[in-house]
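Chemist: Below you'll find the structure I mean.
The values are calculated or read from the model by the stated rules, or taken from the named source; none is laboratory data. This structure is a prediction, so every number in the text was calculated from the model and none was measured. For neighbour counting, all protein chains shown are included, and Cβ atoms are generated from backbone atoms with ideal geometry for every residue, glycine included. Quick note on the areas: whole protein, heavy atoms, side chains included, nothing else; ligands and nucleic acids left out. Shrake-Rupley method; radii C 1.70, N 1.55, O 1.52, S 1.80 Å.
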Amino acid sequence: MLKNTKQAIIIGGSHAAAQLSISLRQERWEGEILVVSDDSQFPYHRPPLSKDYLSGDTSAEQLFIRPASVYRDKQIEFLLNTRVEKIDRINKSVTLSNGEARQYDKLALCTGARTRQLAIPGVALNGVHYLRDLTDAEAIKQAIQSNGKAVIIGGGYIGLETAALLRKIGIDVCVLEAMGRVLQRVTAEEVSAFYHRVHTEEGVEIKTGVFATEIVGNDCVEGVVCSNGEQIDANLVIIGVGVIPNTELAEGIGLDVDDGVIVNEFAQTSDEHIVASGDCAAHLNLIYGRRIRLESVPNAIEQSKTAAASMCDREKVYNALPWFWSNQYDLRLQIAGLNQGFDRVVFRGDVESSRSFVAWYLKQGSIVAADCVNRPAEFILAKKLISSEKQLPIADLANDSIDAKTLLLALA
Amino acid sequence: MPLIKYVEHNGTEHQIQVSNGQSVMEGAIDNMVDGIAGECGGSCSCATCHCYVHEDWVAKVGGPNEIEEGVLECAADPRANSRLSCQITVTDELDGLVILLPESQY
Ligand SMILES: Cc1cc2nc3c(=O)[nH]c(=O)nc-3n(C[C@H](O)[C@H](O)[C@H](O)COP(=O)(O)OP(=O)(O)OC[C@H]3O[C@@H](n4cnc5c(N)ncnc54)[C@H](O)[C@@H]3O)c2cc1C
Ligand code: FES
């Protein structure tokens, strides 16, 4: 039996919600916990969807963050296939898509993000897919079996990861990127060139500076028309052009929103009874001294721990260093920190012809971020350098003949 | 079901029955053992499931492969008996396994 009748409601059912519900119990929340999720499945890992899952190396079973029995044991109630349609801040209640209303004492917005839709003719044809959830991945998997030619619209991490996967299973792949280079928004020129080179070596065709203007076919997709007039044959099209945070519910009740629900370092929104965490939240980051919205699992997990503490009236500052990963072919990229606003990039290792290097991003002489490709030791070094504000001579960081472990020791 | 003992950095012990075929990381996550985060879901990418295998078990559990070795380097404070718990599959052979958890995963 639950010790009190306080109600916590969590909206969303992915990484943030999964962690928040469990963390609430760890923070000794003794009342009820209800998770309202519009997904048909219990929370699962999304990163493998564009990596091992598509090639069949990971099964759907393995994707679940925790088995359903764990939530049952912890008396966490899940309403799947259900949306929260409305929040009433005055009466502290939510209206569900099945018409029911539920009262809350504390509310958590873990509504995440949705794929940005492409507004060109033909996107509704069979064989055109986005990639965000298990249903999308399942549909792509089905489509792959009998198909041999894919066009990927968008040269970001998800597009490139998917390209790598499709190549691995022997499919012809062409990537269309509207900007001048792949990964333009997130990385340095040399790193973009690196990924361009490796994908080309692996047999992917990459076209930059061209955007898709139309998808053509009768019923099923047959090709993609580009801005330069060219038509590329395809029987599978995957669109990966970014995501938009789901902030409509928050906006509807007048919470502060600006590309994400605005929260402080305790994951609290402008309503003291409501927290937000994960892809939908824009938090005040103490390391970078400004507000940022992150799209990553580590962020969803750590921020949810903070949000759970806040719901239990405890303070647990969220100030973890952002980090990301991406696997393509034999390349294991780990990114430490955010490179926004950098004024100089210094390399360690051969970015032009090898498959292992580090790009150090500097701002006024200090390391703010690093892209580490097949360089795990340097990844730790980078995390330490960024979060400790200690420094090492740039010449040493760039000098690949000094062992990374020696540099780590120098920092200790 | 094999019994696995997880020992937190502060000495707290958890005796947990983990099904054959599950990973040591999954056993911890499913039972809310603090000290293993498992952010990448067991795809050998994040190093947040880092653990130390008790010395009596090192031989039986075996060592990491090359990819895991690389990822392990990213863990805080790796040692000779370090493994990624998502890469250790539970079998009857491992009944009684003792896993020591690091101080933190970051
Ligand atoms: C293909 C792919 C690959 C990725 N790779 C990586 C990676 O390598 N590393 C990494 O760190 N991150 C990666 N990410 C990003 C990572 O998956 C996200 O950062 C993470 O899922 C965010 O979790 P979240 O719970 O905040 O939001 P989401 O995962 O977006 O989940 C929010 C959920 O809430 C639901 N919802 C929204 N509104 C309502 C409502 N009103 N009622 C009910 N439910 C609602 C949504 O439909 C959704 O299911 C990847 C993402 C994708 C799609
Ligand atoms: S869970 Fe990520 S490496 Fe094991």
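Chemist: If a residue must be in contact with a Leu (Cβ under 8 Å, 6 or more places away or on another chain), surrounded by fewer than 20 Cβ atoms within 10 Å (Cβ to Cβ) and not in a strand (DSSP E or B), how many such residues does region A:211-240 contain?
Modeler: Count: 3.
Chemist: Mind counting the residues in region A:62-91 that are farther than 14 Å from residue B:22 by Cα and either within 14 Å of chain B (Cβ to nearest Cβ) or among the aliphatic types (A, V, I, L, M) (or both)?
Modeler: 14
Chemist: Among the residues of region A:45-61, which ones are within 8 Å of chain B (Cβ to nearest Cβ) and crowded, with 19+ Cβ neighbours inside 10 Å?
Modeler: If the condition is that a residue be within 8 Å of chain B (Cβ to nearest Cβ) and crowded, with 19+ Cβ neighbours inside 10 Å, then A:45, A:47, A:48, A:51, A:52 are the ones that fit.
Chemist: Does residue B:49 fit the bill of being buried (at least 23 other Cβ atoms within 10 Å of the Cβ), within 13 Å of ligand 2 (Cβ to nearest atom) and more than 8 Å from every other protein chain (Cβ to nearest Cβ)?
Modeler: Considered against the rule, which asks whether it is buried (at least 23 other Cβ atoms within 10 Å of the Cβ), within 13 Å of ligand 2 (Cβ to nearest atom) and more than 8 Å from every other protein chain (Cβ to nearest Cβ), residue B:49 comes out as yes.
Chemist: If residue B:45 satisfies every condition in (1) of a type in the set (S, T, N, Q); (2) more than 16 Å from ligand 1 (Cβ to nearest atom); (3) free of Cβ contacts under 8 Å to residues at least 40 places away in the same chain; (4) under 29 Å from residue A:296 (Cβ atoms) but one, which is the exception?
Modeler: Condition (2) is where residue B:45 drops out.
Chemist: Same structure, new question: Given (1) modelled with pLDDT under 90; (2) in a helix (DSSP H, G or I), where does residue B:60 come up short, assuming only one miss?
Modeler: Condition not satisfied by residue B:60: (1).
Chemist: If you go through region A:230-239 one residue at a time, do you hit one that is within 29 Å of residue A:339 (Cα to Cα), within 16 Å of ligand 1 (Cβ to nearest atom) and either out of contact with any His (no Cβ under 6 Å at 6 or more places or on another chain) or not acidic (Asp, Glu) (or both)?
Modeler: yes
Chemist: Just to verify a result, which residue in region A:310-346, among those that are of a type in the set (Gly, Ala, Ser) and surrounded by fewer than 22 Cβ atoms within 10 Å (Cβ to Cβ), is nearest to residue A:30 (Cα to Cα)?
Modeler: If we take residues in region A:310-346 being of a type in the set (Gly, Ala, Ser) and surrounded by fewer than 22 Cβ atoms within 10 Å (Cβ to Cβ), then A:320 is nearest to residue A:30 (Cα to Cα).
Chemist: Which count do you get for residues in region B:64-106 that are open to solvent by less than 60 Å² (accessible area, probe 1.4 Å), assigned to a helix (DSSP H, G or I) and more than 11 Å from chain A (Cβ to nearest Cβ)?
Modeler: 2
Chemist: On the basis of being away from chain B (no Cβ under 14 Å) and within 16 Å of ligand 1 (Cβ to nearest atom), does residue A:214 make the cut?
Modeler: Against the criterion (away from chain B (no Cβ under 14 Å) and within 16 Å of ligand 1 (Cβ to nearest atom)), residue A:214 does not qualify.
Chemist: Now for a different question. List every residue pair whose Cβ atoms lie under 6 Å apart, where the two residues are 6 or more positions apart in sequence or sit on different chains, the first residue falls within region A:317-342 and is touching a residue at least 12 places away in the same chain (Cβ under 8 Å), and the second residue, located anywhere, is among the aromatic types (Phe, Trp, Tyr) and away from ligand 2 (no atom under 16 Å from the Cβ).
Modeler: Taking only residues 6 or more apart or on different chains, the pairs are A:326/A:157; A:339/A:361; A:342/A:361.
Chemist: Take residue B:33 and tell me if it is among the hydrophobic types (A, V, I, L, M, F, W, C), in a helix (DSSP H, G or I), within 15 Å of ligand 2 (Cβ to nearest atom) and within 14 Å of chain A (Cβ to nearest Cβ).
Modeler: Taking the combined requirement at face value, the residue does not satisfy it.
Chemist: When you check residue A:379 against the structure, is it out of contact with any Leu (no Cβ under 8 Å at 6 or more places or on another chain), open to solvent by less than 50 Å² (accessible area, probe 1.4 Å) and assigned to a strand (DSSP E or B), yes or no?
Modeler: Answer is no for this residue.
Chemist: Of A:143, A:113, A:178, A:108, which residue is buried (at least 16 other Cβ atoms within 10 Å of the Cβ), more than 16 Å from residue A:200 (Cβ to Cβ) and at pLDDT below 95?
Modeler: One residue alone meets the criteria, A:143.
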